[in-house]
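*Asks:* Okay, handing you the structure first.
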Amino acid sequence: MKIFDSLFDLAQRIGEPLLRFAMGLVLLWIAALKFVDPAPVRGMLEASLPIFASNAFVYSLGVLEILAALLLFAGLWVRYVGLALLLLFGGTLTIFLVAPAITYGSHSFPILSLAGQFLLKDTVLAAAAINLVAMDSARARARSAPLMKARTAIQA
């Protein structure tokens with residue numbers, strides 16, 4: 001059907017920039033909250049990864065998240081930002097393993113606490129980061145393909 005083909009084409013054109021913008025917006029928001037009040041993040045770190053439980057660490061994460069957001073908005077180094085975000089969200093998800101009291105509260109699997117529900121969204125953000133890496137890598141390969149053909153032709 002022609003209407004679906006048009007919608008699919010539109011989704012293909014806007015998918016990557018929209019994902020970059022959405023991820024950047026989420027990162028900016030999360031980072032801003034760290035500067036407004038680092039205590040919630042620090043508290044979660046104290047209960048799970050106490051070695052990182054300091055305002056300085058929380059502020060550093062905020063700075064890195066802002067930098068990542070700006071790079072995503074500008075479309076620069078997207079696949080590298082995606083890899084860094086994968087580490088960030090993967091690190092957050094370790095709380096499920098190292099501090100189940102935070103993620104499940106007084107319940108057990110599959111009942112999540114409010115903090116566990118908050119942390120679970122990082123699985124989607126990690127998947128989005130993987131998509132950013134994949135899409136930007138595919139675009140970089142497509143851009144370099146004609147260059148590689150030209151080099152091969154010159155060497156032959």
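The values are calculated or read from the model by the stated rules, or taken from the named source; none is laboratory data. A quick note: this is a predicted structure, and the numbers were derived from the prediction, not measured. FYI the Cβ positions are ideal-geometry reconstructions off the backbone, even for glycines, and counts take in every protein chain you see.
*Asks:* For the stretch 92-111, give me each residue that is at negative phi, without any contact (Cβ under 8 Å) to a residue 40 or more places away in the chain and surrounded by 14 or more Cβ atoms within 10 Å (Cβ to Cβ). Give the derivation first.
*Replies:* First, the residues of the stretch 92-111 that are at negative phi: 92-104, 106-111.
The next check asks that each one be without any contact (Cβ under 8 Å) to a residue 40 or more places away in the chain; those that pass are 92-93, 96-97, 100, 103-104, 106-111.
Those that are at negative phi, without any contact (Cβ under 8 Å) to a residue 40 or more places away in the chain and surrounded by 14 or more Cβ atoms within 10 Å (Cβ to Cβ): T92, L93, F96, P100, T103, Y104.
*Asks:* Here's a follow-up. Just checking, which of G116, G75, G82, G62 is crowded, with 18+ Cβ neighbours inside 10 Å, within 23 Å of M135 (Cβ to Cβ) and touching a residue at least 12 places away in the same chain (Cβ under 8 Å)? Can you show your working first?
*Replies:* Details: G116 fails: within 23 Å of M135 (Cβ to Cβ); G75 fails: crowded, with 18+ Cβ neighbours inside 10 Å; G62 fails: within 23 Å of M135 (Cβ to Cβ).
Answer to the check: G82.
*Asks:* Of all residues being β-branched (V, I, T) and in contact with a Lys or Arg (Cβ under 7 Å, 6 or more places away or on another chain) in the stretch 30-62, which is farthest from L97 (Cα to Cα)? Just the residue, please.
*Replies:* The residue in question is V58.
*Asks:* Among L27, L18, which is modelled with pLDDT of 95 or more, assigned to a helix (DSSP H, G or I) and more than 27 Å from V98 (Cα to Cα)?
*Replies:* That would be L18, the only listed residue that is modelled with pLDDT of 95 or more, assigned to a helix (DSSP H, G or I) and more than 27 Å from V98 (Cα to Cα).
So that you can scan it fast, the table gives a plain yes or no per residue for (1) of a type outside the set (A, V, I, L, M, F, W, C); (2) farther than 14 Å from G24 by Cα; (3) in contact with a helix residue (DSSP H, G or I) (Cβ under 9 Å, 6 or more places away or on another chain):
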position: L71; (1), (2), (3): no, no, yes
position: A84; (1), (2), (3): no, no, yes
position: G90; (1), (2), (3): yes, yes, yes
position: S106; (1), (2), (3): yes, yes, no
